[in-house]
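Q: I'd like to ask you about the structure that follows.
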Amino acid sequence: MSITLPPLPYAPEALEPHLSRRTLAAHYGHHHAAYVAKTRALIRGTALEFSSLEDVVLSSAQQDKAFFNPSAQAWNHEFYWRSMRPGGGGVARGAIGQLIEESFGGQRAFSQQFVTVAGDQFGSGWAWLVLEDRRLRITATSNAQTPFVTTQVPLLTIDLWEHAYYLDYQHRRLDYIAAFLGHLIDWDSANENLACKLAAAPGLLGH
Ligand code: FE2
């Protein structure tokens, strides 16, 4: 059994005051942990028992929602924690900063589009910054859906399930999105995700 609950990349109070210790304790310790436990229980005794989480998500994406939903949620949550850091947010630097200029026309336009896409997502889901067709795009997915199983390259994500923000922001999802953009996004992580993908597929940007 190779799938385990990865440690949070920071202390549960590290994102305060933007996300509380109470939110992270419940979100990581109950929701994320439950998706991992469910995935482990499902694959036990099957051909997938010793597969990586990525392989379980990919192999179940087309035909098996029972396996896909918890495993994709486990993958999405691990990616979400790494999309944030204490003292994050603000203007993107590095390769991502340059791509934001090229793809959206500037950081302000990027932020406005991110707020619109994440704010308009109906019901539970996720908003993502992805690389697709040599440019950045902002996209949203419902429930457990994830660009990880598509040709899009996920670079960062925000969890839009109510459990991600309701204790701190109640119905004010836009305030949570603003805090994510202004104080939580880990641009270094997004740059690392891009660099990692480009190392494996150098032609993705067409340069
Ligand atoms: Fe969540």
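Q: Of all the residues that make up region 126-140, how many are under 11 Å from the mean Cα position of the chain (by Cα) and either farther than 19 Å from Arg173 by Cα or buried (at least 22 other Cβ atoms within 10 Å of the Cβ) (or both)?
A: Within region 126-140, residues that are under 11 Å from the mean Cα position of the chain (by Cα) and either farther than 19 Å from Arg173 by Cα or buried (at least 22 other Cβ atoms within 10 Å of the Cβ) (or both) number 5.
Q: Which one is farthest from the ligand (Cβ to nearest atom), of the residues in region 22-51 that are over 19 Å from the mean Cα position of the chain (by Cα) and not hydrophobic (A, V, I, L, M, F, W, C)?
A: Filtering first and then ranking leaves Gly45.
Q: Taking region 1-11 as the region of interest, how many residues are of a type outside the set (A, V, I, L, M), within 16 Å of the ligand (Cβ to nearest atom) and open to solvent by 40 Å² or more (accessible area, probe 1.4 Å)?
A: Adding up the residues that qualify gives 1.
Q: Here's a follow-up. Taking Glu54 as the residue in question, decide whether it is open to solvent by 40 Å² or more (accessible area, probe 1.4 Å) and within 16 Å of the ligand (Cβ to nearest atom).
A: So Glu54 does not fit the description; no.
Q: What residue, among those in region 132-153 that are in contact with a Lys or Arg (Cβ under 9 Å, 6 or more places away or on another chain) and away from the ligand (no atom under 11 Å from the Cβ), is nearest to Leu19 (Cα to Cα)?
A: The qualifying residue nearest to Leu19 (Cα to Cα) is Val153.
Condition check ((1) out of contact with any strand residue (DSSP E or B) (no Cβ under 7 Å at 6 or more places or on another chain); (2) in a strand (DSSP E or B); (3) without any contact (Cβ under 8 Å) to a residue 12 or more places away in the chain) across all residues:
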| residue | (1), (2), (3) |
| --- | --- |
| Gly90 | yes, no, no |
| Phe114 | no, no, no |
| Val117 | no, no, no |
| Leu129 | no, yes, no |
| Arg137 | no, yes, no |
| Ile158 | no, yes, no |
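Q: Which one of the conditions (1) in a strand (DSSP E or B); (2) surrounded by fewer than 18 Cβ atoms within 10 Å (Cβ to Cβ); (3) among the polar types (S, T, N, Q) does Thr151 fail to meet, given that it meets all the rest?
A: (1) is the only condition that Thr151 fails.
Q: Does Gln113 meet the test of being open to solvent by 70 Å² or more (accessible area, probe 1.4 Å) and over 18 Å from the mean Cα position of the chain (by Cα)?
A: no
Q: For the condition of a type in the set (D, E, K, R) and crowded, with 21+ Cβ neighbours inside 10 Å, what is the one hit in Asp168, Asp159?
A: Result: Asp159 is the single residue among Asp168, Asp159 that is of a type in the set (D, E, K, R) and crowded, with 21+ Cβ neighbours inside 10 Å.
Q: Check Asn76 against each of (1) within 18 Å of Asn143 (Cβ to Cβ); (2) under 20 Å from the mean Cα position of the chain (by Cα); (3) modelled with pLDDT under 95 and name the one condition it does not meet.
A: Just one mismatch for Asn76, condition (3).
Q: If you don't mind, another one. With the checklist (1) open to solvent by 10 Å² or more (accessible area, probe 1.4 Å); (2) under 23 Å from Thr150 (Cα atoms) in hand, flag the one item Ala37 doesn't pass.
A: Single failed check for Ala37: (2).
Q: So Arg173 clears everything in (1) within 16 Å of the ligand (Cβ to nearest atom); (2) over 16 Å from the mean Cα position of the chain (by Cα); (3) more than 26 Å from Ala14 (Cβ to Cβ) except one condition, right? Which one?
A: Failing condition for Arg173: (3).
The values are calculated or read from the model by the stated rules, or taken from the named source; none is laboratory data. Note that the structure is predicted; figures quoted are calculated from it, not measured. Positions of Cβ are backbone-derived with ideal geometry, glycine not excepted, and every protein chain shown enters the neighbour counts. Just so you know, the surface numbers come from the protein's heavy atoms only, side chains and all, with ligands and any DNA or RNA stripped out. Shrake-Rupley method; radii C 1.70, N 1.55, O 1.52, S 1.80 Å.
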